[in-house]
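The values are calculated or read from the model by the stated rules, or taken from the named source; none is laboratory data. Please read these numbers as outputs of a predicted model, since none were measured by experiment. All Cβ positions, even for glycine, are placed from backbone atoms using ideal geometry, and neighbour counts span all protein chains on display. Surface areas here come from the heavy atoms of the whole protein model, side chains and all, with no ligands, DNA or RNA. Shrake-Rupley method; radii C 1.70, N 1.55, O 1.52, S 1.80 Å.
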Amino acid sequence: MKKQPIPTVQYITIESDYADQRIDNFLVTRLKGVPKTRIYRIVRKGEVRVNKKRIEPSYRLQEGDIVRIPPVKLADRPSSDIPSDSLITVLSGRILYEDKNLLVMNKPPGIPVHGGSQVKIGMVEALRYMYPKLPHLELAHRLDADTSGCLVFAKKRSILKELHSLFREGKVQKIYLALTKGHWKKDELRVEAPLQKNHLSSGERIVRVNKEGKSCLTVFNPIETYSNAMLVEAHLHTGRTHQIRVHAQYRQHSIAGDEKYGDKEFNKTMREKGLKRLFLHAHIVEFVLPSTEQEIKIIAPLDIDLAQSLKHL
């Protein structure tokens, strides 16, 4: 039987490509096969150090930082960490755009962007498995698990930094399609209400409008009117967690199929019309990549199940 090599302490000097990346994300990439729970444990216990100092999982690396990684034995990859053939087939058919720098997916509903305790395989884990020659494939932004549509990945750390800057500076146009309760009035369409994350005793994360929260802006634009609902575009000017869903709820026009922030009676009516999930779809993403001056505009067509549910209205 072949002996496994004995792991040793690693000292890694951070190059410019990794600057501004969170230490927890850096370690997840570096220590492939090690559970995230274990990675967070060694960080919080102080076994991972940066410039000989303890750090939090949220610490952002700087060029020239020296990272100490303790000996960690890499277990064989369990079969549960390998995406199924059916998932690979689905994702292969949902590539919207790809070049040497970018990969844009039409994310299927029900799949989280990252795997966790509930679901082992997310979009990131599946795509890294599908693209073994792209060790730096990283998510540029997030979508809720139940949301479908445009999801942007960077193939290089330098491109990821550019994308993060674009998102921070509001230079990425993101337009969603949502089916919402009731009929919007003109003076309701601009929602500029601060949002704050909260955690319930169960550990569930929930977002509420709160004057102490972070400022954010969503602009809604009606597209189609039905008897008791409207199909709207939601233009995101900031990217807070659950922003569109909470802002729609705040205006009393909650999104169809939203089990967390939605209206139970409206959801029931929509289920009877054939809607089986959250009607929120990242329809368009548009930006200019500074390093290449490349104009990117990607459109994810509305999924068949959502389009069919509209026909029943």
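When the solvent-accessible surface of protein heavy atoms is calculated with a 1.4 angstrom probe, in what order do His281, His312 fall, highest first?
His312, His281
Residue separation times 0.36 nm, minus the C-alpha to C-alpha distance between Ile223 and Ser84: what's the value?
46.3 nm
How large is the helix-only mean residue ellipticity at 222 nm for the chain, computed as the sum of -39500 (n - 2.57) over DSSP H runs with n ≥ 4, divided by its residue count, in deg cm²/dmol to the nearest 500?
-6000 deg cm²/dmol
What FRET efficiency comes out for the pair Arg190/Gln62, r = Cβ-Cβ distance, R0 = 51 Å, nearest 0.05?
On the way: r = 38 Å, r/R0 = 0.75.
Efficiency computed from Cβ-Cβ geometry: 0.85.
Leaving out ligands, DNA and RNA, and with a 1.4 Å probe, what % of the accessible surface on the chain is carbon or sulfur? Show your work: numbers first, answer last.
Details: 8500 of 17250 Å².
Using a 1.4 Å probe with all protein chains present, the chain comes out at 49 percent carbon and sulfur.
Can you run phi through the Karplus equation (6.51, -1.76, 1.60; θ = phi - 60°) for region 264-275 and list ³J(HN,Hα) in whole Hz, with x for Gly and Pro?
Whole-Hz 3J(HN,Hα) from phi for region 264-275: 4, 5, 5, 4, 4, 4, 5, 4, 5, 8, x, 7.
Could you work out the local net charge near Arg205, counting Lys and Arg as +1, Asp and Glu as -1, over the other residues with Cβ closer than 15 Å to its Cβ?
Summing Lys and Arg as +1 and Asp and Glu as -1 gives +2.
Per-residue accessible area for Thr241 at 1.4 Å probe radius, Å² rounded to 10?
We get 30 Å² for Thr241.
Among residues other than Gly239 whose Cβ falls under 15 Å from its Cβ, what is the net charge (Lys/Arg +1, Asp/Glu -1)?
Local net charge: +4.
Treating the angle as unsigned and between 0 and 90°, give the value, to the nearest 10°, between the Cα long axis of helix 157-168 and the longest Cα principal axis of the chain.
Approximately 40 degrees, to the nearest ten.
How big, on average over all directions, is the shadow cast by the Cα convex hull of region 40-183, in nm²?
Working: hull surface 48.3 nm².
Seen from a random direction, the Cα hull of region 40-183 projects 12.1 nm² on average.
What order do Asp258, Asp17, Asp85 take when sorted by accessible area (1.4 Å probe), most exposed first? Display every interim value, and only then the final one.
Working: Asp258 5, Asp17 70, Asp85 125 Å².
Ranked from most to least accessible, the order is Asp85, Asp17, Asp258.
Give me a comma-separated list of calculated 3J(HN,Hα) values for region 89-106, in order, Karplus coefficients 6.51, -1.76, 1.60 applied at θ = phi - 60°, integers in Hz, x for any Gly or Pro.
With coefficients 6.51, -1.76 and 1.60, one gets 4, 4, 5, 4, x, 10, 7, 8, 7, 8, 9, 5, 10, 10, 9, 10, 9, 8 Hz.
By how many nm would the segment from Lys133 to Glu295 grow when fully extended, if each residue of separation counts as 0.36 nm and the alpha-carbon distance is taken off?
Values: separation 162, 0.36 × 162 = 58.32 nm, distance 2.59 nm.
Length gained, Lys133 through Glu295: 55.7 nm.
Could I have the simple spin-label model distance between Gln173 and Asn198, label points 7 Å from Cα toward Cβ, reported in nm to one decimal?
It is 3.6 nm.
Residue by residue through region 212-227, what is 3J(HN,Hα) from phi via Karplus (6.51 cos²θ - 1.76 cosθ + 1.60, θ = phi - 60°)? Round to whole Hz and write x for glycine and proline.
Whole-Hz 3J(HN,Hα) from phi for region 212-227: 8, x, 7, 5, 7, 9, 10, 10, 9, 9, x, 10, 9, 10, 10, 4.
Quick one: which residues, 5 or more positions from Gly149 or on another chain, have an amide H under 5 Å from its amide H? H modelled 1.01 Å from N in the peptide plane, none for Pro or chain starts.
Amide H neighbours of Gly149: Lys107, Ala282.
What does the charge count near Leu166 come to, summing +1 for each Lys or Arg and -1 for each Asp or Glu among other residues with Cβ under 14 Å from its Cβ?
-1
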